[in-house]
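Have a look at the structure below, then the notes.
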Amino acid sequence: MKVFVTGVNGYIGAILAPYLMERGMTVLGLDAGYYRDGWLYSDDRRLASTPLTLNKDLRHITEQDLQGCDAVAHLAELSNDPLGQNNPQVTHAINHAGSVSLARKARAVGIRRFVYTSSCSVYGAGTGDFLDETAQVNPQTAYAECKVLVERDVGRMADTDFSPVFLRNATAYGPSPRMRFDVVINDLSALAWTTKRIAMISDGSPWRPVVHVQDICEAIYRSLIAPEEAVRGKIFNVGQNADNYRIREIAQIVAAEFPGCEVTAGPPSGDNRSYRVNFDRIHAELPGFSCRFTARDGARQLREVFERIQMSSDTYQFRAFTRLKQLKYLQATQQIDGDFFWR
Ligand SMILES: NC(=O)c1ccc[n+]([C@@H]2O[C@H](COP(=O)([O-])OP(=O)(O)OC[C@H]3O[C@@H](n4cnc5c(N)ncnc54)[C@H](O)[C@@H]3O)[C@@H](O)[C@H]2O)c1
């Protein structure tokens, strides 16, 4: 199977491409390369194979680019809430319009499978109850709104010739060379390593589901190979019920993996994003899928990487490991224009 993977140079994409190739798939990548300045480690042999990659913007993909592919795994978007809020107009142009247009082109050239990386942030400000895929969505940001709109518009394209699958991923964690320190477990682990102190800026009461980056890759892989009837037009929350935590519990789990690290709480915050997610459907209905890792495993693996590379504070703070910082830098230095195209 030849898979067109967009966002192949991102945090998840850098793990996904070798993951699929190891399982016998051919990958053709695409990425605009916004975060290419950041590469945390190079000594993992499993990541040695890199796919042929088009250095191109999602908004410029042509049907020609997609010819010969059997499936699309679509990851290339502005990839979190703060990033989306930074410029809602560009977020809509890339994340909503760009994604729907990619799906249309894929369908036009006869690609039958389209796996979309949505997000549990579509649930927005929840009540703390467990939400499953039938729950009302409640997006709080441009990023989450776009995820809902893509699910709606691409969902409508599902028919006997086209099987889109929507993976609502929990917040990812775990090592990737194209590191992100703007996701909670990675951030707190780096804080614990560099300062031996996790000073939370809030009281840590909101709920967050989290999922290991390799378990996201497994969900994408299983969505690519599942029988069409098992996945066509379906939405799956990606994670496991046991990996729903309050932020303060996450801080404790991380601290336990970094000897000598203390945790302090701050005042209640104005951030009202809090949700617990039910992950029964993916385990029951996506053939072969299960999660292999827990938050504790992720924190331990991160400590092992930080130890191996003797990670410094400067590396933790480096702009390219925090998506919003890097895009602001590319704008301030006029490397990208107001629409986020390279100049
Ligand atoms: N990491 C998470 O916690 C998480 C959780 C839920 C959903 N997701 C979704 O998974 C996908 C991948 O997330 P990630 O963490 O790897 O993000 P990332 O920011 O690390 O990677 C996204 C990649 O897409 C590329 N990209 C962005 N806009 C592009 C454009 N216009 N044209 C071409 N390439 C472009 C970037 O250069 C980057 O390499 C995203 O759609 C994200 O919303 C991620």
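Computed from the coordinates by the stated procedures, all read-outs in this text should not be read as laboratory data. Everything quoted here is computed from the prediction, not taken from an experiment. Neighbour counts run over all protein chains shown; Cβ positions are idealised from the backbone, glycine included.
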*Across region 97-108, in residue order, what do the Karplus-derived ³J(HN,Hα) couplings come to in whole Hz, using 6.51 cos²θ - 1.76 cosθ + 1.60 with θ = phi - 60° and x for Gly and Pro?*
4, x, 6, 5, 5, 4, 4, 4, 5, 4, 5, 5
_Cα-based Kirkwood hydrodynamic radius, region 95-144, one decimal, Å_ = 12.9 Å
*Only helical DSSP H runs with n ≥ 4 go in: add -39500 (n - 2.57) per run for the chain, normalise by residue count and round the 222 nm mean residue ellipticity to 500 deg cm²/dmol.*
-10000 deg cm²/dmol
*What FRET efficiency comes out for the pair ARG104/GLU262, r = Cβ-Cβ distance, R0 = 45 Å, nearest 0.05?*
0.30
*To the nearest 10 degrees, how steeply does helix 323-332 sit against the main Cα axis of the chain, on a 0 to 90 scale?*
80 degrees
*In what sequence do LEU75, LEU47 fall when counting other Cβ within 10 Å, fewest first?*
LEU47, LEU75
_Charge-dipole axis of the chain as Lys and Arg at +1 and Asp and Glu at -1 on Cβ define it, positive-most pick from GLY338, TRP207, ALA170_ = GLY338
*Dimensionless Rg/Rh of the chain - Kirkwood Rh, Rg from C-alpha atoms*: 0.94
*Grab the other residues whose beta carbon is less than 13 angstrom from that of PRO287, score K and R as +1, D and E as -1, and report the net.*
-1
*Please find, in a Gaussian network model of the chain (springs between Cα atoms separated by less than 10 Å), the residue of GLY174, GLY33, GLY298 whose mean-square fluctuation is greatest.*
GLY33
*What is the Cα centroid distance between region 67-139 and region 197-244, reported in whole angstrom?*
14 Å
*Can you bin region 36-132 into rounded, prolate or oblate? Criterion: square roots of the alpha carbon gyration tensor eigenvalues sorted a ≥ b ≥ c, rounded for a/c under 1.5, prolate for a/b above b/c, oblate for the rest.*
oblate
_the chain: angle of helix 295-309 to the longest principal axis, Cα-based, in degrees nearest 10_ = 80 degrees
*What is the spread of the Cα atoms of region 1-79 along each of their three principal axes, largest first, in whole Å?*
36, 28, 18
*Compute the normalised compactness of region 218-305: alpha-carbon radius of gyration over 2.2 N^0.38 Å, N being the residue count.*
1.39
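Report the full-extension gain for the segment THR195 to GLN334: residue separation times 0.36 nm, less the Cα-Cα distance, to one decimal in nm.
Using 0.36 nm per residue and subtracting the Cα-Cα distance, I get 46.7 nm.
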*Counting only residues 5 or more places away or on other chains, whose amide H sits under 5 Å from the amide H of VAL277 once H atoms are built in the peptide plane?*
LEU131
*Angle in degrees between helix 247-257 and the longest Cα principal axis of the chain, rounded to the nearest 10*: 70 degrees
_Residue-count net charge about TYR245 - beta-carbon cut-off 12 Å; Lys, Arg +1, Asp, Glu -1_ = +3
*Using only the Cα atoms of region 273-343, build the gyration tensor, take square roots of its eigenvalues as a ≥ b ≥ c, and label the shape rounded, prolate or oblate: rounded if a/c is under 1.5, else prolate if a/b is larger than b/c, else oblate.*
oblate
*In which sequence would MET21, MET179, MET200 go, from the one with the fewest C-beta neighbours within 10 Å to the one with the most?*
MET21, MET200, MET179
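Residues with beta-carbon under 9 Å from that of LYS147, excluding LYS147: net charge, scoring Lys, Arg +1 and Asp, Glu -1?
Spelling it out: positives minus negatives among the neighbours equals -2.
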*Is region 172-271 rounded, prolate or oblate when judged by the Cα gyration tensor, a ≥ b ≥ c being the square roots of its eigenvalues, rounded requiring a/c under 1.5 and prolate requiring a/b larger than b/c?*
prolate
*Net length gained if the chain between PHE341 and GLN67 were fully extended (0.36 nm per residue, minus Cα distance)*: 96.2 nm
*With only Lys, Arg, Asp and Glu charged, each at its Cβ (+1 for the first two, -1 for the last two), find how big the charge dipole of the chain is about the Cα centre; round to the nearest 20 debye.*
320 debye
*Note the full-extension length gain between GLU229 and SER202 as 0.36 nm times their separation in residues minus their Cα-Cα distance, in nm to one decimal.*
5.3 nm
_Amide H contacts of SER163 (H built 1.01 Å from N, under 5 Å, at least 5 apart or other chain)_ = ARG113, PHE114
*When DSSP beta bridges are limited to those with both residues in the chain, what percentage is antiparallel, rounded to the nearest 5?*
10 percent
